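Heads up, the thing below is written out as structure tokens.
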Amino acid sequence: MISVIHNPHAKQNRKRPERVKVLSDILEGIGTLYQTETVDAVFDVAGECLKNGCPVVGVNGGDGSLQMAMTIFARVYEDAPLPAFVVMRGGTMNTVAGGLGITGTPESILTRVVKGLKGAGPLTRMNHPVLCANGHLGFMSGAAVVVRFLDDYYAAPSQGGLQAVKMGLRIAGSALFGTHYAPKMFTPQRLIVTVDGHTLPETEFSIILGCTVEDISLGCRATPRAYERQGAFHFLASSLSPMQIVAQMPKLWKGHEITHPAMHHSAPAEHVTIRREEGPLRWMLDGECRSDDSLDLTVWGEVSLLW
């Protein structure tokens with residue numbers, strides 16, 4: 001009834017090797033746990049789930065594991081309906097789960113879902129839109145400061161919510177006291193941005209962000225119009241400076257509209273393309289950074305999330 005993809009390389013799972021047995025015991029009689037050491041192993045699990053008609057797939061990893069699983073299942077299933085996904089919060093980045101209100105450990109989440117599938121407890125199910133970013137499925141994509149932030153985040157001695165808060169405070173402090181860190185992070189990037197067939201007249205951007213979720217991290221509702229229109233996502237493109245960001249932070253956090261000359265676009269969009277005038281573009285999807293000639297964003301459709 002339920003298959004669980006266990007990413008042994010996710011940071012939390014590396015620290016807790018005993019988790020494999022605990023999760024397997026929770027699944028006894030109702031499902032199977034697969035330790036997926038490689039991407040090919042996830043393809044194998046997807047093929048088996050399609051063959052056997054598995055209705056629920058748990059993903060025990062972080063945001064990167066979830067977007068990889070959704071992408072692979074979509075490719076394997078083609079036009080067939082995807083199973084429901086259980087987001088188990090087993091990685092370094094659990095931003096998507098946190099923004100959707102999914103709490104708990106992998107063990108507690110799986111226990112709750114198993115009880116629900118057995119009819120012994122409540123289940124929450126949400127059909128949620130997902131982005132397609134250059135063929136990969138996820139919930140949040142961006143470039144410029146978003147990528148630089150992640151580079152520094154992963155380079156830090158430790159990761160997690162506390163580290164993200166520390167970095168945010170460092171950016172704010174740098175902007176207020178005029179040190180180099182914030183300007184470095186928000187250095188404008190020369191980009192060509194086309195939104196629903198209209199190329200923006202601006203050519204330099206410090207922030208590029210497209211989301212199908214409102215909460216991008218730690219309660220910050222930077223893209224509050226993510227659910228406004230079916231088939232669209234909230235796309236934000238700006239050249240706001242660090243000081244301007246600090247001044248707008250209360251609005252940004254609460255999900256209020258920012259009206260500023262440097263906010264070039266902040267509204268639902270159905271199709272966005274971003275490219276550099278020269279060279280490849282570094283971009284991210286759900287915490288995973290990539291490099292391509294351009295970034296193409298649309299809404300793929302909806303996936304069913306279960307917890």
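Read the figures in this text as sums done on the coordinates, not as results from a lab. Bear in mind the structure is a predicted one, so any value in this text is a computation, not a measurement. When we count neighbours, we look across all protein chains shown, and the Cβ atoms used for this are built from the backbone with ideal geometry, even at glycine.
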Cβ crowding within 10 Å averaged over residues, with 151-163, 268-280, 55-67 ranked highest first:
55-67, 268-280, 151-163
Of every Cα-Cα pair in segment 1-95, the percentage lying beyond 22 Å is 20
Using alpha carbon positions and the Kirkwood radius, the Rg to Rh ratio of segment 92-157 is 1.09
Would you kindly compute the Cα radius of gyration of segment 140-301 and its largest Cα-Cα separation (Dmax), both in Å?
14.9, 44
How about the chain: what cysteines have no other cysteine beta carbon under 4.7 Å from their own?
132, 211, 220, 289
Which value, in debye to the nearest 20, describes the size of the charge dipole of the chain about its Cα centre when Lys and Arg Cβ atoms bear +1, Asp and Glu Cβ atoms bear -1, and nothing else is charged?
1040
Expressed as a rounded percentage, what relative contact order does the chain have, with Cα pairs under 8 Å and six or more residues apart?
20
At 0.890 mPa s and 25 °C, Stokes diffusion of the chain via Kirkwood alpha-carbon radius, µm² per second:
122
State to the nearest 20 debye the size of the charge dipole of segment 1-154 about its Cα centre, where the only charges are +1 on K and R beta carbons and -1 on D and E beta carbons.
480
Determine the shape class of segment 160-225: with a ≥ b ≥ c the square roots of the Cα gyration tensor eigenvalues, call it rounded for a/c under 1.5, and otherwise prolate if a/b is greater than b/c, oblate otherwise.
oblate
What percent do you get for the relative contact order of segment 140-301 when only Cα pairs under 8 Å and 6+ apart count?
26
State to the nearest 20 debye the size of the charge dipole of segment 140-301 about its Cα centre, where the only charges are +1 on K and R beta carbons and -1 on D and E beta carbons.
560
At q = 0.16 Å⁻¹, what is the log10 ratio I(q)/I(0) for segment 52-123, with the Debye formula run over Cα points and no solvent?
-0.59
Can you tell me which of 80-87, 253-260 comes out highest on packing, and rank the rest after it, using the mean Cβ neighbours within 10 Å?
80-87, 253-260
Among 50, 81, 117, the residue whose Cα sits farthest towards the positive end of the charge dipole of the chain (+1 at Cβ of Lys and Arg, -1 at Cβ of Asp and Glu, taken about the Cα centre) is 117
Each label sits 7 Å from Cα toward the beta-carbon; between residue 28 and residue 118 the label points are separated, in nm, by 1.0
How large is the translational diffusion coefficient of segment 236-286 in µm² per second when you combine the Kirkwood radius over alpha carbon pairs with Stokes-Einstein at 20 °C and 1.002 mPa s?
164
Give 15/184; 118/251; 15/115; 11/184; 21/51; 21/166 a once-over and call out the pairs whose C-alpha atoms are over 32 Å from each other.
15/184; 118/251; 21/166
